[in-house]
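The values are calculated or read from the model by the stated rules, or taken from the named source; none is laboratory data. Everything numeric here is computed off the predicted structure, so don't read it as measured data. Cβ: placed from backbone, ideal geometry, glycine included. Neighbour counts: every protein chain shown. For accessibility, only protein heavy atoms count, side chains too; no ligands or nucleic acids. Shrake-Rupley method; radii C 1.70, N 1.55, O 1.52, S 1.80 Å.
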Amino acid sequence: MSSTRAQETVDDRLPVRTKLLFGLGQGVEVSATFVANTFLLFYLTSVAGVSPSVAGTIIFLSLIVDAVADPLIGSWSDRSQSRLGRRLPFMVAGLPVICVASIALFGIPVSGSTVSAVGLALLLNVLLRVGTSLYALPYSALTAELTSDYDERSSVTVYRMIFGFVGTVLTLAPAFGLIFKTKEAYQSRGSYLQLGLLLTAVVLVMGLSCILGVRRTVAASRAEHLTPSATSKSLGSDLLDLGRNRSFLILFSSALIVLIIGGSMNALNLYAYSYFWKLPASLNQLPIIGIQVGLLLGIPVTAVTLKRIEKRDMVVIGVIAVAVGQTASVAIAHLFLGPLPNIAATTVLVIASVSFGVCNSLFFIAFQSMIADAVDEHEVKFGQRCEGLYYSALIFAAKAATGIGSLIAGLMLATVHLKGGSNSMGAALPEGAATTLGLLWGAGHGLAFFVVLPIIFKYGLNRTRHQQLIAQLSKPLARVGRERSTIIE
């Protein structure tokens, strides 16, 4: 593996310009997901007048539909053939769907919990989510196809995370700094139409820049022009094999639980900021910006730390840090100091948000890397490389978890008897319910993270085990056969 492999590694290095342009594409998924996860539940309950439980169900159902579509989209793009390659046609098709759905969802009048209003909101939300997947899934698959060099793929992923941060800020800053400067703006339909137009602009600029910037590199990639024989097993057979891989099941269930809890907490953020922490509208953006700053800080922190400890242990540290931070923030606010002034409350929230953002980066990098290790184990056991299917499964967990999290958030709001708003009045809480909401948002979600620990502790694929897998995969194909599973059993 000496000189030939070294030459391949040099040839697989990508120009910085290519990585910059490719990284821009991450802003499409991140900005669309940020808008939907941050504003949609609040818009439906406080402006459109949909009851909290029905609004949560709308988001839950749309994300379940999207999650089911993910492996189908991934498999379809794997098997497609065109002069633009396998992935770019899907990315081109996804952009207009996202734009139309985002403008229509926040622009078409929806009022109350009537069948027609609920059906329209559900349809448009499904289009927004599926359109995002049409772009994001093939885009993510290109990470492994633009280069075959292990370290260069990590570099490409770093660019993706950076521009995911940029895409969020390009959406977040104008949304909170210009569109929603006052509390009245949160109850205005016109404000949400502006939000849809803002998302459309960010998606088009970042998405088209990526497509145009990498089209030549994609055209030159051998992986983009595979013969039909390259996909030997059916989707059903590969899914059955996934269910037999213990490491995959542990990672999938752990990621699912983490994402469910995080999704429910994020859906309640604006409610907690407004009713429990009593922040003015002008300060609501600070803890959300804090999460994004934490995400950015978490990239180098995780990259350095993973060189010293195992990936599983990093996940354990992140779970404990989030659980303690979330619980402690509410304890400081309520049990020890009582109601905090705006500056103190904002400071506590920003610190907790930065910590949560760092842990989110930790989870993303660690789980993505652990999934890649599990793919190697899968090949040893079953003789198939299933990167696309594994990634689709992880995205499935993220989408389904966000839907379940929104459903849980809606049920929590119903528990505290939140009354839906209308065009003239915002949502309202009964006397004393703000404290219950704060405890559910803080300590409730914080303690729930501990559920992950007994599951992730069962994950046994460490550095030594992975070296054994790589050594097994390096054997001549004639000797692999049934012995592929010997080091796993």
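With all protein chains kept in place, the per residue accessible area of region 257-317 amounts to 37 square angstrom at a probe of 1.4 angstrom. Note that region 127-215 presents 36 Å² accessible area per residue, ligands and nucleic acids not counted, probe 1.4 Å. Sorting 277-287, 263-273 by their mean Cβ neighbour count within 10 Å, with the most densely packed peptide first, gives 263-273, 277-287.
Give me the percent of the accessible area of region 235-276 that comes from carbon and sulfur atoms, probe 1.4 Å, all protein chains in place. It would help to have the intermediate numbers written out before the result.
On the way: 920 of 1380 Å².
The value for region 235-276 is 67 percent carbon and sulfur by accessible area.
On the beta carbon distance between Gln81 and Glu152, with R0 = 30 Å, the FRET formula returns roughly 0.70.
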